[in-house]
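Read through the structure below, which is laid out as structure tokens, and then see the notes.
The values are calculated or read from the model by the stated rules, or taken from the named source; none is laboratory data. All of these numbers come straight from a predicted model, not from anything done at the bench. Quick reminder, even Gly has a Cβ in these numbers, built from the backbone with ideal geometry, and neighbours come from all protein chains shown.
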Amino acid sequence: MKNLVIQNTPKTPEINFNFTSGVFLISGVSVPEDPIQFYTEIINWLENYIKLPARYTKIVFKLSYVNTSSLQFIYSLLQKIDVLSKCSVQWYYFEEDIDMKEMGEDFKDALSVKFSFVEVETVE
């Protein structure tokens with residue numbers, strides 16, 4: 001299985017999923033014109049990954065903005081990894097961005113995966 005790497009654009013986040021280490025990064029802005037097209041590849045990759053995952057999986061979200069149409073796909077992505085017994089989510093948010101923090105908290109409440117929240121001045 002190959003790593004999944006997608007460069008960010010002004011409308012789509014960077015995706016860097018390393019199947020060997022089990023560390024997955026999603027960072028930037030998620031306002032794709034066609035979220036189905038953008039997220040389908042990612043969700044398909046995760047479906048294959050969960051068949052033979054790394055010993056521990058950690059997904060890191062460093063998103064500065066997410067539009068409504070992206071939310072369902074991010075939730076679908078989280079549902080895929082929620083089946084893994086050794087998995088966690090690290091959710092970064094700007095200190096003044098209550099909406100992004102609450103978005104992460106809503107996902108946490110809907111899933112069994114362990115969440116940790118990191119408040120930052122800037123999301124890198």
Limited to segment 41-67, what total is found for residues that are over 28 Å from Phe94 (Cβ atoms) and either under 11 Å from the mean Cα position of the chain (by Cα) or basic (Lys, Arg) (or both)?
-> 2
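Just give me the residues in segment 67-80 being among the β-branched types (Val, Ile, Thr) and either more than 21 Å from Val118 (Cα to Cα) or surrounded by fewer than 17 Cβ atoms within 10 Å (Cβ to Cβ) (or both), in sequence order.
Filtering segment 67-80 down to residues among the β-branched types (Val, Ile, Thr) leaves 68, 74.
Scanning segment 67-80 gives a single hit, Thr68.
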Output the residue which, of all residues in segment 1-27 that are surrounded by 19 or more Cβ atoms within 10 Å (Cβ to Cβ) and among the aliphatic types (A, V, I, L, M), is nearest to the chain's Cα centre (by Cα).
-> Ile26
Ser64: passes all of (1) surrounded by 12 or more Cβ atoms within 10 Å (Cβ to Cβ); (2) out of contact with any strand residue (DSSP E or B) (no Cβ under 7 Å at 6 or more places or on another chain) but (2)
Going through segment 1-24 one residue at a time, which ones are in contact with a Pro (Cβ under 9 Å, 6 or more places away or on another chain) and part of a strand (DSSP E or B)?
-> Ile6
Residue check for Ser30: of a type outside the set (D, E, K, R) and surrounded by fewer than 16 Cβ atoms within 10 Å (Cβ to Cβ) = no
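Kindly check whether there is at least one residue in segment 34-54 that is touching a residue at least 40 places away in the same chain (Cβ under 8 Å), surrounded by fewer than 19 Cβ atoms within 10 Å (Cβ to Cβ) and closer than 17 Å to Val5 by Cβ.
Within segment 34-54 (the criterion being touching a residue at least 40 places away in the same chain (Cβ under 8 Å), surrounded by fewer than 19 Cβ atoms within 10 Å (Cβ to Cβ) and closer than 17 Å to Val5 by Cβ), the answer is yes, since at least one residue qualifies.
Output the helices (runs of 4 or more DSSP H) that fall wholly within segment 33-124 and possess 3 or more residues being modelled with pLDDT of 95 or more and more than 19 Å from Asn16 (Cα to Cα), or say none.
Those helices (runs of 4 or more DSSP H) span 98-110.
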Can you name the residue in segment 83-95 that is within 21 Å of Tyr49 (Cα to Cα) and more than 12 Å from the chain's Cα centre (by Cα) and is also surrounded by the fewest Cβ atoms within 10 Å (Cβ to Cβ) among such residues?
-> Ser85
Which listed residue is touching a Leu at 6+ places or on another chain (Cβ under 9 Å) and of a type in the set (Lys, Arg), from Lys101, Lys62, Lys51 | Lys62
Of (1) surrounded by fewer than 17 Cβ atoms within 10 Å (Cβ to Cβ); (2) more than 21 Å from Lys2 (Cβ to Cβ); (3) touching a strand residue (DSSP E or B) at 6+ places or on another chain (Cβ under 6 Å), Ile98 satisfies all except one. Which?
-> (3)
